[in-house]
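Working notes for the structure below.
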Amino acid sequence: MYKYRELGSAGAGTYGTVMKCLDVINGQSVAVKRLRDTMTGCEGAHDQRHCEMMVREICLLRALNDDHVVPMIEAFRHHGHVHMVFPLMRYNLYRYLELNGGSLTVNATKECIYQVLRGLNYVHSQNVVHRDIKPENILLSANGIIKICDFGVSRMFSKDRTLDLSTGMGTVWYQAPEMLMDSTKYDATVDIWSVGILFTELVNKMPLVAEDTIASQLYGITKILGSDNCDLIVVDKYLRKHGYSLNLEANCAPLSQSYTASKTAMALRKVYACWPIYLVEIVAYCLQFNPINRKNAAQLLDMKFFTAGTFLSRFNKEMKIKLKYDNARYQ
């Protein structure tokens, strides 16, 4: 820490603290994430998990390089702690929402989600699934550029789903149904579900469903989005073990992607009656119970919510200028 002078606290989490610091060599303001060093000897399951998350995040951030992923300047060990150094961002999306009354306009949401999807499109192209997309893990730079952060629970995935992934990752409100049901066979589509939930929170102050338990969260989702198709048979079996039932028909037939998306859109329209049609459409394709029916990040970026009108030509020009200033500021 010889080259960093502490200026104050910038936050705290489960596994450590974040300090606002000054790089005394180049005068740059940085955020230093300080984690307890368990790599010298993991004494229990909790320490083992912490150690794995820490090593994984450092390795992934060293490999990832995109305008919408927070860059790690360096990582080092000092006095019993591991330190990860990042450019100091203005605030996270959760704080930004607080400063704006808890929600954003549809246009501001469009600018935000557009950048999140660009970041995820890159992350997923590297066969990495984030697994904890939520407002707290999305940063805004001084010029308003979105940066995805906190890759502690992220990991590589197999596109053919032959690789078993851990359960119990992420935050319940934003978890896809397959993660809520402890499935170990999932991929980047779980992040797409989280984006759909993020949409609902940005526009309407609260996530679509915000329950305390996994079973009640899953049941709440099915009751809002509908429970009359075969994609939910597995969900129904899981819920029956926890005292809930969807009362599905035993002979319900498979449904096409377009049909299930339109059914989801109709269900969303009942909850969000004032939403523009293109917003309902894109969220419906995020919130598909069957992950095969969810569009990927590249496909979502090509939907009319973004392509209609002059949004892309205008905002891409704005981002180019903002990124130029950010790059000059953070180098």
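The values are calculated or read from the model by the stated rules, or taken from the named source; none is laboratory data. Keep in mind that what you see is a predicted model, and the values were worked out from it rather than measured. Glycine also receives a Cβ, built like all others from the backbone with ideal geometry; neighbour counts cover every protein chain displayed. Protein only, heavy atoms only, side chains kept; ligands, DNA and RNA dropped before computing areas. Shrake-Rupley method; radii C 1.70, N 1.55, O 1.52, S 1.80 Å.
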Subject >> Leu239 out of contact with any Leu (no Cβ under 6 Å at 6 or more places or on another chain), at pLDDT 75 or above and assigned to a helix (DSSP H, G or I) >> reply: no
Subject >> Long-range neighbours under 7 Å by Cβ, at least six apart or interchain, first residue in contact (Cβ under 8 Å) with a residue 24 or more places away in the chain and closer than 13 Å to Asp187 by Cβ within the range 287-302, second open to solvent by 30 Å² or more (accessible area, probe 1.4 Å) and of a type outside the set (Asp, Glu) >> reply: Arg294/Tyr285; Ala297/Asn121
Original post:
Name the residues in the range 265-294 that are part of a helix (DSSP H, G or I), within 21 Å of the chain's Cα centre (by Cα) and surrounded by 14 or more Cβ atoms within 10 Å (Cβ to Cβ), would you?
Top reply: Leu268, Leu279, Val280, Glu281, Ile282, Val283, Ala284, Tyr285, Cys286, Pro291, Asn293
**OP:** Find the residue count for the range 299-314, including only residues that are open to solvent by 50 Å² or more (accessible area, probe 1.4 Å) and not in a loop (DSSP other than H, G, I, E, B).
**Re:** 5
**OP:** For the range 159-172, name all the residues that are open to solvent by less than 50 Å² (accessible area, probe 1.4 Å) and modelled with pLDDT under 75.
**Re:** Leu165, Ser166, Met169, Gly170
**OP:** Sort out which residues of the range 113-123 are closer than 24 Å to Tyr278 by Cβ and buried (at least 22 other Cβ atoms within 10 Å of the Cβ), and write them in order of number.
**Re:** Ile113, Val116, Leu117, Gly119, Leu120
Original post:
Any chance the range 275-297 includes a residue that's of a type in the set (Ser, Thr, Tyr) and at pLDDT 95 or above?
Top reply: yes
**OP:** Could you please let me know if Ile233 is at pLDDT 65 or above and either open to solvent by 30 Å² or more (accessible area, probe 1.4 Å) or part of a loop (DSSP other than H, G, I, E, B) (or both)?
**Re:** yes
Original post:
Can you name the condition, by its number, that Arg131 falls short on among (1) more than 30 Å from Ala273 (Cα to Cα); (2) not in a helix (DSSP H, G or I)?
Top reply: (1)
Original post:
Here are Glu111, Glu98: which of them is free of Cβ contacts under 8 Å to residues at least 24 places away in the same chain, out of contact with any strand residue (DSSP E or B) (no Cβ under 7 Å at 6 or more places or on another chain) and either assigned to a helix (DSSP H, G or I) or farther than 17 Å from Ile192 by Cα (or both)?
Top reply: Glu98
**OP:** Inspect the range 299-310 for any residue being of a type in the set (Phe, Trp, Tyr) and within 21 Å of the chain's Cα centre (by Cα) and give the result as yes or no.
**Re:** yes
